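Chemist: Below is the structure I would like to discuss, written out as structure tokens.
The values are calculated or read from the model by the stated rules, or taken from the named source; none is laboratory data. Nothing here was measured: the structure is a model prediction, and the numbers come from that model. Don't worry about glycine lacking a Cβ; one is built from the backbone with ideal geometry, like all the others, and counts go over all protein chains shown. The area values use the complete protein model at the heavy-atom level, side chains included, leaving out ligands, DNA and RNA. Shrake-Rupley method; radii C 1.70, N 1.55, O 1.52, S 1.80 Å.
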Amino acid sequence: MRKMLLAALSRVLQGPAAAGRTGAVSEASRVMVASRNYGDFASEASFEIKKCDLHRLEEGPSTTAVMTREEGLHYYKTMQTIRRMELKSDQLYKQKIIRGFCHLYDGQEACCVGIEAAIKPTDHVITAYRAHGFTFTRGVPVREILAELTGRKGGCAKGKGGSMHMYTKNFYGGNGIVGAQVPLGAGIALACKYFGKNEVCLALYGDGAANQGQIFETYNMAALWKLPCIFICENNRYGMGTSVERAAASTDYYKRGYFIPGLRVDGMDILCVREAVKFAADYCRAGKGPLVMELQTYRYHGHSMSDPGISYRTREEIQEVRSKSDPITLLKDRMVNNNLASVEELKEIDVAVRKEIEEAAQFATTDPEPPLEELGNHIYFNEPPFEVRGPNQWIKYKSVC
């Protein structure tokens, strides 16, 4: 095999001398990369990961994680897709193509990708308004997400939901009311238990919502009824423009359940997140009741598009997190250093992702907007649409009196 490779390489380099020399070298590089793809990579590698902080638990998730080459490539592409999708959303918003509320997820990709890697498609997820990443990991294509952001008919909510209200099977949004998704998540978990399904519900919220009274009420009911619910606080250190230290008397969010066991996890490490969520899901499936998890993460953009993100934190702070804790860079370094992938191969993924995002953006900016007469559609499940007062001034309305 090695002799055949050398012979092929030699033939490439000995092609047309002057004009084709650059192309020959490029082709040679491609041959060398291709040879690595098929022969020289490890099939899997084992990694030491950070130990989780525990609350009312005798033991926690494993501090060793095994990742296969296929898993690593999938995680990398998924996180890179979310990152590029959010950067494109930022660009479209600044061009005034996306309007209204928009909350970007770049920096926090390890959370949603790690969670999805640890649960089953039949499990349930509900989150707050920073929902683009979860929408993608739950199975919605990028083009439908961007089309929803631009208010087009091809969006995942037919252009009527926008940034905060995206849904798909076993994913319940995208919720605009701070903290309100948490009791809804407990209701989904109650349904799982009621119908005897071996499923769990993950109810996500931010550090800004963690002080909401309804969350503590939900903790009580979930513990009382032993619901299979994982309460996950994505602590990105700032609730809008207020640091956690200025907003919370206790920033140990994983201990907030008091009588509910908890975990604090490195949310910038996809393997830490994956192993922790696997542990939590097994705990809930075993009938032990709910569990509280805190993912320590960071958002690169401001809270929303009206927030530049640098009035309450410095550019240096953001850059330090990017340079030391970026979830995509961390995964990339692990894969390259442990011979699971080459730099060239990951660059090829980057190019493919950029192309996919550009094609999705093209669709999202050319797809038609939903017609006005469809305003009353999709309000109730399995019910015919009804006339909504206002869209058509010539409609004669019937009195219900």
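Chemist: Please enumerate the residues belonging to the range 149-179 that are of a type in the set (D, E, K, R) and in contact (Cβ under 8 Å) with a residue 60 or more places away in the chain.
Modeler: Our first condition is that a residue be of a type in the set (D, E, K, R); within the range 149-179, this holds for 152-153, 158, 160, 169.
Selection gives R152, K153, K158, K160.
Chemist: With E275, E316, E294 as the choices, which residue is closer than 16 Å to V244 by Cα and not polar (S, T, N, Q)? Spell out the reasoning first.
Modeler: Numbers: E275 fails: closer than 16 Å to V244 by Cα; E316 fails: closer than 16 Å to V244 by Cα.
From the options E275, E316, E294, the qualifying one is E294.
Chemist: I'm trying to understand the selection: among the residues of the range 220-253, which are open to solvent by 20 Å² or more (accessible area, probe 1.4 Å), under 17 Å from H103 (Cβ atoms) and assigned to a loop (DSSP other than H, G, I, E, B)?
Modeler: R237, M240, G241
Chemist: So, of the residues in the range 98-142 that are within 17 Å of I357 (Cβ to Cβ) and of a type outside the set (A, V, I, L, M, F, W, C), which turns out to be farthest from the chain's Cα centre (by Cα)?
Modeler: Restricting to residues being within 17 Å of I357 (Cβ to Cβ) and of a type outside the set (A, V, I, L, M, F, W, C), the top hit is P141.
Chemist: Does A191 fit the bill of being modelled with pLDDT of 95 or more, open to solvent by 20 Å² or more (accessible area, probe 1.4 Å), among the small types (G, A, S) and over 15 Å from the mean Cα position of the chain (by Cα)? If you could, list the steps in order and put the result at the bottom.
Modeler: Working: modelled with pLDDT of 95 or more: yes; open to solvent by 20 Å² or more (accessible area, probe 1.4 Å): yes; among the small types (G, A, S): yes; over 15 Å from the mean Cα position of the chain (by Cα): yes.
Considered against the rule, which asks whether it is modelled with pLDDT of 95 or more, open to solvent by 20 Å² or more (accessible area, probe 1.4 Å), among the small types (G, A, S) and over 15 Å from the mean Cα position of the chain (by Cα), A191 comes out as yes.
Chemist: Related question: Can you confirm whether the range 300-315 contains a residue that is aliphatic (A, V, I, L, M) and more than 19 Å from the chain's Cα centre (by Cα)? Don't jump to the end; show me each part of the working.
Modeler: Taking the range 300-315 and keeping what is aliphatic (A, V, I, L, M), we get 305, 310.
Now drop any that are not more than 19 Å from the chain's Cα centre (by Cα), which leaves 310.
Looking for residues that are aliphatic (A, V, I, L, M) and more than 19 Å from the chain's Cα centre (by Cα), one finds at least one in the range 300-315, hence yes.
Chemist: If we keep just the residues of the range 274-290 that are of a type outside the set (G, A, S) and within 10 Å of P61 (Cα to Cα), which is surrounded by the most Cβ atoms within 10 Å (Cβ to Cβ)?
Modeler: Within the range 274-290, the first condition is being of a type outside the set (G, A, S), and the residues that meet it are 274-275, 277-279, 282-285, 288, 290.
Restricting the remaining residues to those that are within 10 Å of P61 (Cα to Cα) gives 274-275, 277-279.
On the way: R274: 25, E275: 25, V277: 28, K278: 18, F279: 22.
This residue is V277.
Chemist: Another question, if that's okay. In the range 357-384, what count of residues is obtained for those that are farther than 18 Å from Y167 by Cβ and among the hydroxyl-bearing types (S, T, Y)?
Modeler: 2
Chemist: Could you say whether any residue in the range 213-235 is touching a Lys or Arg at 6+ places or on another chain (Cβ under 8 Å), over 20 Å from V125 (Cα atoms) and not charged (D, E, K, R)?
Modeler: no
Chemist: Further question: Residue under question is A118, and the condition is that it be surrounded by fewer than 23 Cβ atoms within 10 Å (Cβ to Cβ) and not charged (D, E, K, R); does it hold?
Modeler: Working: surrounded by fewer than 23 Cβ atoms within 10 Å (Cβ to Cβ): yes; not charged (D, E, K, R): yes.
So A118 passes the test.
Residues are listed down the side, and each one gets a yes or a no for (1) among the β-branched types (V, I, T); (2) under 17 Å from F363 (Cα atoms); (3) crowded, with 17+ Cβ neighbours inside 10 Å:
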position	(1), (2), (3)
R69	no, no, yes
Y75	no, no, yes
R83	no, no, yes
K94	no, no, no
I97	yes, yes, no
L104	no, no, yes
G114	no, no, yes
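Chemist: Only one residue in I97, I177 is closer than 27 Å to G239 by Cβ and of a type in the set (V, I, T). Which one? Working first, answer last.
Modeler: On the way: I97 fails: closer than 27 Å to G239 by Cβ.
Exactly one residue qualifies, and that residue is I177.
Chemist: Filter the range 164-201 down to residues that are out of contact with any helix residue (DSSP H, G or I) (no Cβ under 6 Å at 6 or more places or on another chain) and part of a loop (DSSP other than H, G, I, E, B), then give me how many there are.
Modeler: Step one: list which residues in the range 164-201 are out of contact with any helix residue (DSSP H, G or I) (no Cβ under 6 Å at 6 or more places or on another chain), which gives 164-165, 167-174, 176-178, 180-181, 184-185, 187-197.
Still in the running and part of a loop (DSSP other than H, G, I, E, B): 164-165, 167, 169-170, 172-174, 176-178, 180, 195-197.
The qualifying residues number 15.
Chemist: So S306 passes all but one of these: (1) within 30 Å of G239 (Cβ to Cβ); (2) open to solvent by 40 Å² or more (accessible area, probe 1.4 Å); (3) without any contact (Cβ under 8 Å) to a residue 24 or more places away in the chain; (4) assigned to a helix (DSSP H, G or I). Which condition number does it fail?
Modeler: For S306, the failing item is (4).
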